[in-house]
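Quick note: the coordinates plus some simple rules give every number you see, no bench work behind them. All of these numbers come straight from a predicted model, not from anything done at the bench. FYI the Cβ positions are ideal-geometry reconstructions off the backbone, even for glycines, and counts take in every protein chain you see.
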Amino acid sequence: MPDNDQGLFATAVAQFERGADLVGLPDDLRTIISQPKNEIIVNFPVRMTDGSRRVFRGYRIQHNNLLGPYKGGVRFHPAVDLDEVKALASWMTWKSALCEIPFGGAKGGIAFDPHAHDREELERIVRRFTHALGNNIGPDHDIPAPDLGSNAQSMVWMMDTYANSTGATERQNVKRIVTGKTLETGGSPGREKATGQGVVFCLQHWADEVGFDLSSATVAIQGWGNVGSATGRILQVHGARIVAVADHAGAIADEDGIDAFELTDWVRERGSVAGFPGAGWIEDEDFWAADVDILVPAALENQVRLDNAPAIQARVIVEAANGPTTLEAEEALSARGVETLPDILVNAGGVVVSYFEWVQNRSAQRWSLDDVDHRLRDILWGACDAVVEARKEFDVESRRDAAYTVALTRLQAVYEQRGIFP
């Protein structure tokens, strides 16, 4: 049976429909929530270093803002397209509702390879994209953040461009137009590691629930970018052993453990895990078949598929990436007793700490790293508790389905209380 080839948004809608069936979501609310409110596509010219002009295509999908401003990252990758960004925006809506933070869901991106441009070109691309979006974003309307291919510097350029497009008296009031900024420009302590930190908090909650000793765990991580590397470093501090890592260049393994801190330095300097002296080179199929307790997909979507799922030996799949597991692969893994900790719960740490950054900017405060981490743990622990209770209430094994019931129940309550205007 082939994996679903209808696109990523079709996967997102299918997951939503399962949750909607469980809570008995009325048809009118299904229609409203299942589709984005706004789909913005901008084509904008940028002057290249050689003097030529190139037109780039950018997206901003605003899925839902019932609970608060649209919120979501900006992705820089050649494969960015409308279907992908719609799926990512919808998942942001569910994350915010699940974690009970006052945000909606959005996502954006530019279809290009950021590594193919020097710093000056990259800055012009980001600034032109921000200008092209215009009033479609705003500090209390739609708040971008970093995602795949973008970073804190990208957010600073977006903030500065937006600030210089507002009145002079308002320029100090719009720092919260983006989150994930550098600390010097109003970012929050803990934001860079937030998604990885959230992954470990959720994993610890699962381990406590099922009686698993995380300090003796063996782990395989696919993707060693910001999320994968942060997850690996934090797990190593907890005593877990990282025995296999894969990225776009290939895969490495060492049964005695790969030093996550040394590997992070290596990848930061060289761009991939290739050639890392602290582990041996393995084939991709051997990575998926690694004899580990925990598998963490932390790269792109649709990475765990029917063609590699049978080889997976892990006890639990921890979705640090968005949409890394196809519907068919998840069904096959579940039939074998392999649990999946779903993306809308596991990788929500990024948006939660983005919320903290937004609050700090609004109130002109700076919280300590310990304060951020404690607040993050409290919110994610509460979300994990709610998922556990929903599994019992709705009598479902799937933690993903349970997570959707929590998010949709909260959204339904607000829709029913507010009504539909006019």
A correct Karplus calculation of ³J(HN,Hα) over region 169-183, with 6.51 cos²θ - 1.76 cosθ + 1.60, θ = phi - 60°, whole Hz and x for Gly and Pro, returns 6, 9, 5, 7, 9, 10, 4, 7, 4, 9, 10, x, 6, 5, 4
Measuring from its Cα centre, region 83-233 shows a charge dipole (+1 at each Lys and Arg Cβ, -1 at each Asp and Glu Cβ) which, in debye to the nearest 20, is 300
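Would you kindly give the portion of the calculated P(r) for region 168-268 that falls above 24 Å, as a percent of all Cα pairs? Write down the numbers at each step before the final one.
On the way: 1774 of 5050 pairs.
So the pairs more than 24 Å apart make up 35 percent of the total in region 168-268.
Provide the three semi-axes, in whole Å and in decreasing order, of the ellipsoid equivalent to region 8-176 as defined by the square roots of 5 times the Cα gyration tensor eigenvalues.
Values: eigenvalues 184, 71, 29 Å².
Calculated on Cα positions only, the semi-axes equal 30, 19, 12 Å.
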From the Cα centre of region 153-193 to that of region 214-290, the distance in Å is 33
About its Cα centre, the chain carries a charge dipole, from +1 on Lys and Arg Cβ atoms and -1 on Asp and Glu Cβ atoms, whose size in debye to the nearest 20 is 2100
The orientation-averaged projected area of the Cα convex hull of region 194-341, in nm², is 7.6
Note on region 125-182: alpha-carbon gyration tensor, axes a ≥ b ≥ c; rule is a/c under 1.5 for rounded, else prolate if a/b larger than b/c, else oblate; result prolate
If unit charges are put on Cβ atoms (+1 for Lys and Arg, -1 for Asp and Glu) and the dipole of region 119-272 is taken about its Cα centre, the option from A152, L203, S229 lying farthest towards the positive end turns out to be A152
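At a 10 Å Cβ-Cβ cut-off, how would you order S363, S165, fewest neighbours first? Don't jump to the answer; show the numbers that get you there.
Working: S363 8, S165 13.
The order, fewest Cβ neighbours first, is S363, S165.
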Karplus-derived 3J(HN,Hα) from phi for region 137-145 (6.51 cos²θ - 1.76 cosθ + 1.60, θ = phi - 60°), whole Hz, x at Gly and Pro, runs 10, x, x, 10, 10, 8, 10, x, 7
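Of K107/K392; K86/K175; K95/K181, which ones are farther than 23 Å apart at the Cα? Kindly include the intermediate steps, with their values, before the conclusion.
Working: K107/K392 32 Å; K86/K175 26 Å; K95/K181 21 Å.
Table pairs above 23 Å Cα-Cα are K107/K392; K86/K175.
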In terms of the alpha carbon gyration tensor, root eigenvalues a ≥ b ≥ c, rounded if a/c is under 1.5 and otherwise prolate when a/b exceeds b/c or oblate, region 261-416 is oblate
Here the relative contact order (percent) of the chain, from C-alpha pairs under 8 Å and at least 6 apart, is 17
Residue by residue through region 380-386, the couplings from Karplus 6.51 cos²θ - 1.76 cosθ + 1.60 with θ = phi - 60°, in Hz, x for Gly and Pro, are 5, 4, x, 5, 4, 4, 5
Counting sequence-distant residues (5 or more places) and residues on other chains, those with an amide H built under 5 Å from that of F56 are F44, V46
Projected onto the charge dipole of the chain (unit charges on the beta-carbon of Lys, Arg, Asp and Glu, signs +1, +1, -1, -1), the Cα from T264, T11, S368 with the largest positive-side position is that of S368
Ranked output for segments 43-55, 185-197, 83-95, 309-321 by mean other Cβ atoms within 10 Å, highest leading, reads 83-95, 185-197, 309-321, 43-55
Only helices counted: for the chain, with every DSSP H run of 4 or more residues adding -39500 (n - 2.57) and the sum spread over all residues, [θ] at 222 nm is -14000 deg cm²/dmol
Here the net charge surrounding E416, from other residues whose Cβ is less than 13 Å away from its Cβ (Lys, Arg +1; Asp, Glu -1), is +1
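Sort region 261-352 into rounded, prolate or oblate with this rule: let a ≥ b ≥ c be the square roots of the eigenvalues of the Cα gyration tensor; rounded if a/c is under 1.5, and if a/c is not under 1.5, prolate when a/b is larger than b/c, oblate otherwise.
Details: a/c = 2.21, a/b = 1.35, b/c = 1.64.
It comes out oblate by the Cα gyration axes.
For each of R366, R75, count neighbouring Cβ atoms within 10 Å of the residue's Cβ, then give the residues from fewest to most. Intermediate values should be presented prior to the final figure.
Working: R366 13, R75 22.
Exposure proxy ranking, most exposed first: R366, R75.
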The rounded separation in angstrom of the Cα centers of region 41-56 and region 335-373 is 35
